[in-house]
Amino acid sequence: MASDIYSFSRTLGTVVAVPEPPNQSHFAFVASIDTTEEDIQVGLYVVSRDEGRLTIAVVEEIEKSNRYFTNAESVWNYEQGGIGVNSLFPVDQWEFLLAKCSVIGYLDHVGLHRATRPVSPGSKVFRAPRELLARVLGLNMADGLHIGTIPHHDLEARFDVTRLMQKHLAILSISGGGKSYTTKVLVEELLRRSPSKGRPAIVLFDVHGEYAGLANLPSHPHFKNAVVHLFDASAVSLFTPNLSAGDFADYSPNMTGPQIRELSRIIHNRKRNKKRTAYDISRIIQDIDLEEDMNPYVKEALVSWLLQLHRMGIFGTEERPNLESLLAPGSAIIFDLSRMLNLSAKQIVIAYFLKRIFQLRRDNIVPPTVCVLEEAHQFCPEGTGVRSPAKNIIETISREGRKFMVSLVLVSQRPVNLSTTALSQCNSQFILRILNPYDLDYVGKTSEGITRSTLDQITSLGVGECLVTGSAVNYPTFIKVRERIVKDHADSVTFASVAKEFERARANTKTP
């Protein structure tokens, strides 16, 4: 029997039939006389032993009651007479805690099952043992990714890498809620895996320059097998011969059908001539200018679109960085996009490299790859009327990437503005603090197993507190994100610290 496998500490309390009798989804228990307020807290996992099976539940609400204070009029009368209730009656002896619990399921020798009948009033309630809790939540204590701890249980939250990453992950929070810090912890865990456990490659698109400090990880003993490449996105080069007319149409969405057909013909002719060297957009423009039979209106518009792309300065005759040579097990490529001011250029860079990763994985040229996209709502927005060059490939990877082991990590502070197609394919979610009611409602509708009570708790989460839902766990689970192994300057940047640094720098420049 499952109840014989685990050892239980002292009794926390006894199941009662008030204020409502137990049912298959909820029960309440009254705390034992030696159980303190520190022993029972919201989020604590408990176990009821009933007829040889273990019912697992989580404390959702705690009430403190006292029979001497149930009648407001009587308490008011005593206070008006100058006599406190405490001085007349043994108040302390009648104060008790009532914990209301939501049932997760019941456990037997086979595994965890959906609860179909209630526990019995009078059943004893215990704190869930760590070994049992790890099994119930679906944690991988042997070699899972150590993202944080389970509050109140001193249990490491270790998530199986396949369950977490294979079907994509979303990290959602308000600005300042800890989503970038959580993302760095995830990257640390992926980079410190040993070769024997299997290591993916990582590509991270850093919109605000918050991840540059990860380049220092390989100097730390925990990351001796890791390699991190940091690239300033303003110096990247997209290999023009890799691009089709359809790609250029994605980058310039106002291209017409005739323009795309003519461009396709020009590119095909250039690629057909094996003697021609690698080319860039300027060479394609020259080819178009030499066309005598092309409609002059089509020619003029096509050259105009290509010139706009050429002026971005990101298209060249080589690929830089070269993904095929750099993507290796235990390696990371970080694209620092913070100095690239043109949003369209950022979108094109992301679109190009995501498509290249997808192609390389389909051909099994590079290892399974995790693609982390900060501010994902900017590059894969919701709505048919909102265009982004990167949206098509992001949604394609979200639908098909798991077949080829390309995993997306979409990081966003505005989930309501993020493509429903992409977000719905993120079968696991890390949800930190969210306050906007539209975002909160959207998360509740798109996340598996979230109740109204859980949504209410999301609004009050502290920095670094996180709800994990979806494929990564068997049940929505609150965790406290662990501290980073290697901290960097970006982790401690605050408004006040930047203001002070500016003052010091300004004072130094004025010193004779």
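The values are calculated or read from the model by the stated rules, or taken from the named source; none is laboratory data. Bear in mind that the values here come from a model prediction, so they are computed numbers and not experimental data. Note that each Cβ is placed from the backbone with ideal geometry, even for glycine, and that neighbours are counted across all protein chains shown.
Report, by residue number, each residue of region 113-127 that is within 30 Å of the chain's Cα centre (by Cα), surrounded by 11 or more Cβ atoms within 10 Å (Cβ to Cβ) and either of a type in the set (D, E, K, R) or not assigned by TED's automatic domain parsing to the domain that holds S9 (or both).
So the first thing to find is which residues in region 113-127 are within 30 Å of the chain's Cα centre (by Cα), and the list is 113-115, 127.
Checking which are surrounded by 11 or more Cβ atoms within 10 Å (Cβ to Cβ) leaves us with 113, 115, 127.
R127, the sole residue that qualifies.
Each residue in region 211-244 was checked for being buried (at least 18 other Cβ atoms within 10 Å of the Cβ), farther than 21 Å from F315 by Cβ and β-branched (V, I, T), and 1 of them qualify.
Taken over region 155-173, the criterion of being assigned to a strand (DSSP E or B) and within 26 Å of Y438 (Cβ to Cβ) is satisfied by L169, A170, I171, L172. Is it true that V203 is outside any strand (DSSP E or B) and aliphatic (A, V, I, L, M)? No.
Note on region 365-384: residues that are among the hydrophobic types (A, V, I, L, M, F, W, C) and assigned to a helix (DSSP H, G or I) total 2.
Of everything in region 160-181 that's within 18 Å of V370 (Cα to Cα) and out of contact with any Ser or Thr (no Cβ under 8 Å at 6 or more places or on another chain), which residue is surrounded by the fewest Cβ atoms within 10 Å (Cβ to Cβ)?
Initially, region 160-181 is screened for residues within 18 Å of V370 (Cα to Cα), giving 160-172, 179-181.
After this cut, where a residue has to be out of contact with any Ser or Thr (no Cβ under 8 Å at 6 or more places or on another chain) as well, the list is 160-162, 180-181.
Details: D160: 19, V161: 23, T162: 15, S180: 21, Y181: 20.
This residue is T162.
Scanning for something at pLDDT 90 or above and in contact with a strand residue (DSSP E or B) (Cβ under 7 Å, 6 or more places away or on another chain), does region 64-76 turn up at least one residue?
Our first condition is that a residue be at pLDDT 90 or above; within region 64-76, this holds for 64.
Subset that is in contact with a strand residue (DSSP E or B) (Cβ under 7 Å, 6 or more places away or on another chain): 64.
Taking every residue of region 64-76 in turn, at least one turns out to be at pLDDT 90 or above and in contact with a strand residue (DSSP E or B) (Cβ under 7 Å, 6 or more places away or on another chain).
In summary, R67 fulfils each of the numbered conditions (1) over 39 Å from the mean Cα position of the chain (by Cα); (2) on the phi > 0 side of the Ramachandran plot with the single exception of condition (2).
Reported count of residues in region 385-407, each being surrounded by fewer than 17 Cβ atoms within 10 Å (Cβ to Cβ), assigned to a loop (DSSP other than H, G, I, E, B) and not hydrophobic (A, V, I, L, M, F, W, C), is 2. For region 211-242, taking the residues that are within 30 Å of I285 (Cα to Cα) and part of a helix (DSSP H, G or I), the one that is modelled with the lowest pLDDT is identified as S234.
Check L410, L423 and return the single one that is over 23 Å from I314 (Cα atoms), in contact with a helix residue (DSSP H, G or I) (Cβ under 7 Å, 6 or more places away or on another chain), hydrophobic (A, V, I, L, M, F, W, C) and part of a helix (DSSP H, G or I).
Values: L410 fails: part of a helix (DSSP H, G or I).
Going through L410, L423 in turn, just one is over 23 Å from I314 (Cα atoms), in contact with a helix residue (DSSP H, G or I) (Cβ under 7 Å, 6 or more places away or on another chain), hydrophobic (A, V, I, L, M, F, W, C) and part of a helix (DSSP H, G or I): L423.
Is it the case that some residue within region 409-430 is within 25 Å of C101 (Cβ to Cβ) and not polar (S, T, N, Q)? The answer is yes; a qualifying residue exists. Looking only at residues in region 128-144 that are outside any loop (DSSP other than H, G, I, E, B) and either of a type in the set (S, T, N, Q) or closer than 20 Å to S447 by Cβ (or both), the one that is farthest from the chain's Cα centre (by Cα) is V136.
The set of residues in region 447-472 being crowded, with 18+ Cβ neighbours inside 10 Å and either under 15 Å from K167 (Cα atoms) or not assigned by TED's automatic domain parsing to the domain that holds L169 (or both) consists of S447, V468, T469, G470, S471, A472. The residue pairs whose first member lies in region 381-396 and is among the basic types (K, R), whose second member is surrounded by 17 or more Cβ atoms within 10 Å (Cβ to Cβ) and in a loop (DSSP other than H, G, I, E, B), and whose beta carbons are closer than 6 Å, counting only pairs six or more residues apart or on different chains, are K391/C380. Of all the numbered requirements in (1) in contact (Cβ under 8 Å) with a residue 60 or more places away in the chain; (2) surrounded by 15 or more Cβ atoms within 10 Å (Cβ to Cβ); (3) not acidic (D, E), R130 misses one, and that requirement is (1). The single condition from (1) surrounded by 11 or more Cβ atoms within 10 Å (Cβ to Cβ); (2) out of contact with any His (no Cβ under 8 Å at 6 or more places or on another chain); (3) modelled with pLDDT of 85 or more that I485 fails is (2).
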